[in-house]
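Data first, discussion second: the structure below is written as structure tokens.
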Amino acid sequence: MIKKLLPFWLCCIALCMGWYSHASSLPSEQQLADFTNQTQWYFAVESNLLPEAGRFRGRIELENHSSYDLPAGAADWAWYFHSVRKIVSVEQHGLQLDHIQGDLHRIQPTADFAGLPGGEQLQLTFVSAPWIISYSDWMPRAFMVAGELTPAVFANTDTEDFSRFVRPMTEPEQRLRNIGDGDGFATMTNEQRYLNHQQPARLMSEEDLQQRIIPQPVQIQHRRGYSELSAQWQLQFSGALSAEGSYLAAQLADYFGQPLTTINASNNQQPIIHLQLEPKHPKLQAEGYELQVQRNRIDITGFDEAGVFYGIQSLLALLPAQSTDQAPQVRVPQLTIVDYPRYAWRGMHYDMARNFHGFDVTMRLIEQMGRYKLNKLHLHLTEDEGWRLEIPGLPELTAIGANRCFDLTEQRCLLTQLGTGPHTDGSGNGYFSRQQFIQLLQHAKAHHIEVIPEIDMPGHARAAIKAMEARYQRLKTDNKPEQAKQYLLSETDDRSEYLTVQNYNDNSINVCLDSTYAFIDKVMYELQQMYRDAGLQLQVFHMGGDEVGTGSWEKAPACQQLFADPLNGVTGVADLKPHFINRVAQLSNQRGLAMAAWEDGLMADPVNPFQREQFENKTVIVNAWDNIWEWGYGDRAYRFANAGYQVVQSAGTNLYFDHPQEAHPEERGYYWAARYTDTEKVFHYRPDHLYSNAEFTRDGTPITDLEALLGRPLPQLEKPENMLGIQGQVWSETIRTAEQLETMVYPRLLALAERAWHKADWEPNKSSAAAQQAWQHFAQRLTQIEFTRLQQSGSLHYVPVPGAVREGQSIKASTAWPGLPLEYSLDQGQSWQRYQEPLQHEAEVWFRATTYAGIHSRTIKL
């Protein structure tokens, strides 16, 4: 009898003391904190080279180093993690892994779970698609939820340092892809970089370097001698140029440490900078300028105010990069510049919706765009993962739609996504207040930049949908049913099934509800009011229109009612997309707005755009982005222009700045359009010769017959007047901080500005000696002047990674761009020395490129 009772009493004692983990209840707050702080969570890629193309095998590991034994059996706890690759449900070790929504996944214990005692570890393997060959594909902030306890983040994942929660990716099967015919883009090595850097560079003299401004002017006439510019000069401009004059005065005051005297009329005694307008100037056109630098006089003559502003930027670019001490005077070469832009649309698209990076970094972006003569800021304000602009009367859009956290009901916030984690103070949350947006518009106006607001719909609209559902619940509870439905974007009885590229099944606005169009009109109205309050007029409404999930609206009751009435002209699901776009076009036209959209939003079928005549808007603008050549859509920019649309080239292969800067797993970014897009690739984009940019497929196969690859004759550009210009894009799925944003944007933005403003003589032949020399000169200007200018204005930037090779006992290293200093360390980064000649060293050596202001590249080890 005693022997039978002993196990029972031991169990009771163990339970009381918290020893017997298999029968214990949920952890306490302290135990949850102990478990998540001490348990190590890891992601790992096992192989991207599976027999089935386009798939990979991955692994999740947990190592319990805590004092808490996770009990066996089913329980009310779960682990959540972010994975941009949708993982199909899998059960292993008594743990059930499921996809929730977007990138959010959950792991829960079943009755078969054996527990995870302290000191033990477990692994879950899975297969997903497509591949993972970059550390940044994995997202931080995996977390644990237990009953009503506050969710807790696994501490080693609460970081932007991937080495703390992603296993090393060093083997070929981790770094290469099975695309079907192999992967032609091998991972960049230290040795290959070194070989790539060996092309001899023809460096510019110091004088030529000073005058090689970015973007390059149309014409420069050099004269002998210099002008000695100082704070003793005077500044003269008319009232029509007060904004531009004040801008120049402020810039020179910062440069010299004291303001210049502003006068109304020249007394011909003091040296003077004179600003003036001359719209009838025989050599100029819109946004053009003439800059004349003489010994005691500088004249900036603009075709218009924007031209004067750009002339000011060229003058400032001629000044030596400012040192830490204020210079009493500087030498400016005497010359005459006649200049005007290649394109009227010189744009930058910035996705602040997926991850919000704050007000200050956006203001800096505007300043840098103005400096390099870009004039269109396309703000991607809304997405599935966030709504980033306050709209009066619709507080839920920002109270809920601008914040992600752990709330499965989404009545308090959106589902956490993209590495935000369970708390609202996680990365990516936030929005512009109405007043901040007005301030941003005014700042853009001062830099001659038009802000193009994008409200993405009918797809990519989950944040708006969930916010309006929360509004509906609030007003319904307040017994205001009609007001509750006023801006509703969804139906509870909609049983449509679809899954988007980003793995959402509930992100399409219901295009059959009248409340949808009331919502759109409300947002348009409030946007117009903000522009008016900023002293501006909204010109363009961008409605997105891209990547709508196939199957949206098929079982929506409101759409079935629409189909039943023949007077609507909507007979089936295929008619709903044009129905929606036409109604949005009508709303924008009624408000006097041009409409813009991404190319797939305006395609009647995979080849042909909608008839331009169906839209009454005077202007309809298209962002042509899908030039992934083997997909068969790379000719759409020409097709849209020939059909009468205004086209902005936004090529995914060359102009997407969220792509890695080289083919290496440590480089941040997605790679769906191109394996990498470095600054040189942006510089060599040839917008006037669209098809010449078709160099490789995504798997690295050289393209030799584009027409055969597309499977149809290539149209030529018949209406070049409809080609507005080019635009860079930065999407922010993997970009969670302002620092990360700037290192992805700069200096690629400068190469974008070069191509948008200046048509080079070497185009379209990027392989010519002239093209290579032009690139070397551009890169030299970057390293020796523009990097310093960026840093002094508060912006970070990317520094290209060096190369290195061992040759016998000698170690040689190189930098990618001329004039970029190189450092090495013999003590694992504790101290650094300037590299000048080959080293004789048998042990490991670390190298990094650096700038004169101390911003470093990624470190390599040899």
Of all residues in region 534-562, which are over 22 Å from Asn623 (Cα atoms) and either outside any loop (DSSP other than H, G, I, E, B) or touching a residue at least 60 places away in the same chain (Cβ under 8 Å) (or both)?
Ala534, Gly535, Leu536, Ser552, Lys555, Ala556, Pro557, Ala558, Cys559, Gln560, Gln561, Leu562
The condition from (1) buried (at least 24 other Cβ atoms within 10 Å of the Cβ); (2) within 28 Å of Asn623 (Cβ to Cβ); (3) among the aliphatic types (A, V, I, L, M) that Val308 misses is numbered (2)
Take region 613-634 and flag every residue that is surrounded by fewer than 24 Cβ atoms within 10 Å (Cβ to Cβ) and assigned to a loop (DSSP other than H, G, I, E, B).
Phe615, Glu616, Asn617, Lys618, Thr619, Asp626, Ile628, Gly632, Tyr633
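Just to be sure, is Glu160 of a type in the set (Asp, Glu) and either at pLDDT below 95 or in contact with a Cys (Cβ under 8 Å, 6 or more places away or on another chain) (or both)?
Values: of a type in the set (Asp, Glu): yes; either at pLDDT below 95 or in contact with a Cys (Cβ under 8 Å, 6 or more places away or on another chain) (or both): no.
Spelling it out, it is not the case that Glu160 is of a type in the set (Asp, Glu) and either at pLDDT below 95 or in contact with a Cys (Cβ under 8 Å, 6 or more places away or on another chain) (or both).
Quick one: is Thr815 among the β-branched types (Val, Ile, Thr) and touching a residue at least 60 places away in the same chain (Cβ under 8 Å)? Outline the logic, then answer.
Working: among the β-branched types (Val, Ile, Thr): yes; touching a residue at least 60 places away in the same chain (Cβ under 8 Å): yes.
Yes.
Condition first: in contact with a helix residue (DSSP H, G or I) (Cβ under 7 Å, 6 or more places away or on another chain) and of a type outside the set (Asp, Glu). Now tell me which residues in region 652-665 satisfy that. Walk me through it before giving the result.
Within region 652-665, the first condition is being in contact with a helix residue (DSSP H, G or I) (Cβ under 7 Å, 6 or more places away or on another chain), and the residues that meet it are 653-655, 657-658, 665.
Correct list: Thr653, Asn654, Leu655, Phe657, Pro665.
On the given criteria, is Asn178 touching a strand residue (DSSP E or B) at 6+ places or on another chain (Cβ under 8 Å) and either of a type in the set (S, T, N, Q) or farther than 30 Å from Tyr670 by Cα (or both)?
Values: touching a strand residue (DSSP E or B) at 6+ places or on another chain (Cβ under 8 Å): no; either of a type in the set (S, T, N, Q) or farther than 30 Å from Tyr670 by Cα (or both): yes.
Answer is no for this residue.
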Criterion violated by Ile179 - all others in (1) buried (at least 19 other Cβ atoms within 10 Å of the Cβ); (2) modelled with pLDDT of 95 or more; (3) hydrophobic (A, V, I, L, M, F, W, C) satisfied
(2)
Taking Leu203 as the residue in question, decide whether it is outside the structural domain of Gly58 (by TED's automatic domain parsing), outside any loop (DSSP other than H, G, I, E, B) and surrounded by fewer than 17 Cβ atoms within 10 Å (Cβ to Cβ).
no
Is it true that Gln313 is crowded, with 22+ Cβ neighbours inside 10 Å, out of contact with any strand residue (DSSP E or B) (no Cβ under 7 Å at 6 or more places or on another chain) and assigned by TED's automatic domain parsing to the domain that holds Val293?
yes
Thr382 - would you say it is among the hydroxyl-bearing types (Ser, Thr, Tyr), crowded, with 24+ Cβ neighbours inside 10 Å and within 30 Å of Tyr343 (Cβ to Cβ)?
yes
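Can you find a residue that is assigned to a loop (DSSP other than H, G, I, E, B), assigned by TED's automatic domain parsing to the domain that holds Gln313 and either of a type in the set (Gly, Ala, Ser) or under 39 Å from the mean Cα position of the chain (by Cα) (or both) anywhere in region 291-298?
So the first thing to find is which residues in region 291-298 are assigned to a loop (DSSP other than H, G, I, E, B), and the list is 294-296.
Applying the additional criterion that residues be assigned by TED's automatic domain parsing to the domain that holds Gln313 yields 294-296.
When the remaining residues are screened for being either of a type in the set (Gly, Ala, Ser) or under 39 Å from the mean Cα position of the chain (by Cα) (or both), the result is none.
Checking region 291-298: not a single residue is assigned to a loop (DSSP other than H, G, I, E, B), assigned by TED's automatic domain parsing to the domain that holds Gln313 and either of a type in the set (Gly, Ala, Ser) or under 39 Å from the mean Cα position of the chain (by Cα) (or both).
Residues that are in contact (Cβ under 8 Å) with a residue 60 or more places away in the chain, at least 1 per element: which strands (runs of 3 or more DSSP E) completely within region 66-128 meet that?
Working: elements: 77-82, 90-92, 95-101, 104-109, 121-128.
Passing ranges, in order: 77-82, 95-101, 104-109, 121-128.
Quick one: which of Tyr656, Tyr676 is within 18 Å of the chain's Cα centre (by Cα), surrounded by fewer than 19 Cβ atoms within 10 Å (Cβ to Cβ) and assigned by TED's automatic domain parsing to the domain that holds Ala708? Write out each step before concluding.
Numbers: Tyr656 fails: surrounded by fewer than 19 Cβ atoms within 10 Å (Cβ to Cβ).
None of the others qualify; the one that does is Tyr676.
Can you pull out the residues in region 129-141 that are farther than 17 Å from Ile179 by Cβ and assigned to a loop (DSSP other than H, G, I, E, B)?
Kept after step one, since they are farther than 17 Å from Ile179 by Cβ, are these residues of region 129-141: 135-136, 138-141.
Correct list: Met139, Pro140, Arg141.
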Some residue of region 36-56 being more than 35 Å from the chain's Cα centre (by Cα), in contact (Cβ under 8 Å) with a residue 60 or more places away in the chain and closer than 29 Å to Leu499 by Cα:
no
Given (1) within 30 Å of Lys861 (Cβ to Cβ); (2) outside the structural domain of Leu822 (by TED's automatic domain parsing), Gln809 misses just (2)
Check region 705-725 and report whether any residue there is surrounded by 15 or more Cβ atoms within 10 Å (Cβ to Cβ), part of a loop (DSSP other than H, G, I, E, B) and within 22 Å of the chain's Cα centre (by Cα).
no
Restricting to region 156-176, and then to whatever is part of a helix (DSSP H, G or I) and of a type outside the set (A, V, I, L, M, F, W, C), can you tell me which residue is surrounded by the most Cβ atoms within 10 Å (Cβ to Cβ)?
Thr157
Which pairs do you get when a residue that is under 26 Å from Tyr671 (Cβ atoms), found in region 640-658, comes within reach of a residue that is among the basic types (Lys, Arg) and buried (at least 24 other Cβ atoms within 10 Å of the Cβ), reach meaning Cβ atoms under 7 angstrom, with the pair 6+ apart or on two chains?
Phe657/Arg748
If the Cβ limit is 9 Å and pairs must be 6+ apart or interchain, which residue in region 391-403 that is under 17 Å from Met352 (Cβ atoms) pairs with which residue that is of a type in the set (Asp, Glu)?
Ile391/Glu526; Leu397/Glu390; Thr398/Glu390; Ala402/Glu390
Only one of Ala265, Ala240 is in a helix (DSSP H, G or I) and either buried (at least 19 other Cβ atoms within 10 Å of the Cβ) or not hydroxyl-bearing (Ser, Thr, Tyr) (or both), namely Ala240
Is it the case that some residue within region 366-389 is among the acidic types (Asp, Glu), at negative phi, in a loop (DSSP other than H, G, I, E, B) and in contact (Cβ under 8 Å) with a residue 24 or more places away in the chain?
yes
Every residue in region 306-360 that is farther than 30 Å from Gln435 by Cα, touching a helix residue (DSSP H, G or I) at 6+ places or on another chain (Cβ under 8 Å) and among the charged types (D, E, K, R), please.
Asp339, Arg342
Search region 745-768 for residues being within 19 Å of the chain's Cα centre (by Cα) and not in a helix (DSSP H, G or I), and hand back the single one that is surrounded by the fewest Cβ atoms within 10 Å (Cβ to Cβ).
Tyr746
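So which residues in region 413-433 are surrounded by fewer than 17 Cβ atoms within 10 Å (Cβ to Cβ) and either farther than 24 Å from Glu526 by Cβ or in contact (Cβ under 8 Å) with a residue 60 or more places away in the chain (or both), if there are any at all? Spell out the reasoning first.
So in region 413-433, the residues surrounded by fewer than 17 Cβ atoms within 10 Å (Cβ to Cβ) come out as 425, 433.
The answer is Asp425, and nothing else.
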First in region 609-633 and within 22 Å of Glu547 (Cβ to Cβ), second anywhere and buried (at least 22 other Cβ atoms within 10 Å of the Cβ) and of a type in the set (Lys, Arg), Cβ under 6 Å, 6 or more apart
Ala624/Arg636
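Among the residues of region 800-814, write down those that are part of a loop (DSSP other than H, G, I, E, B) and at pLDDT below 95.
As a first pass, look at region 800-814 and keep what is part of a loop (DSSP other than H, G, I, E, B): 800-802, 808-809.
Answer for region 800-814, where residues must be part of a loop (DSSP other than H, G, I, E, B) and at pLDDT below 95: Gly808, Gln809.
The values are calculated or read from the model by the stated rules, or taken from the named source; none is laboratory data. Just so it is clear, the model here is predicted, and its values are computed rather than measured. FYI the Cβ positions are ideal-geometry reconstructions off the backbone, even for glycines, and counts take in every protein chain you see.
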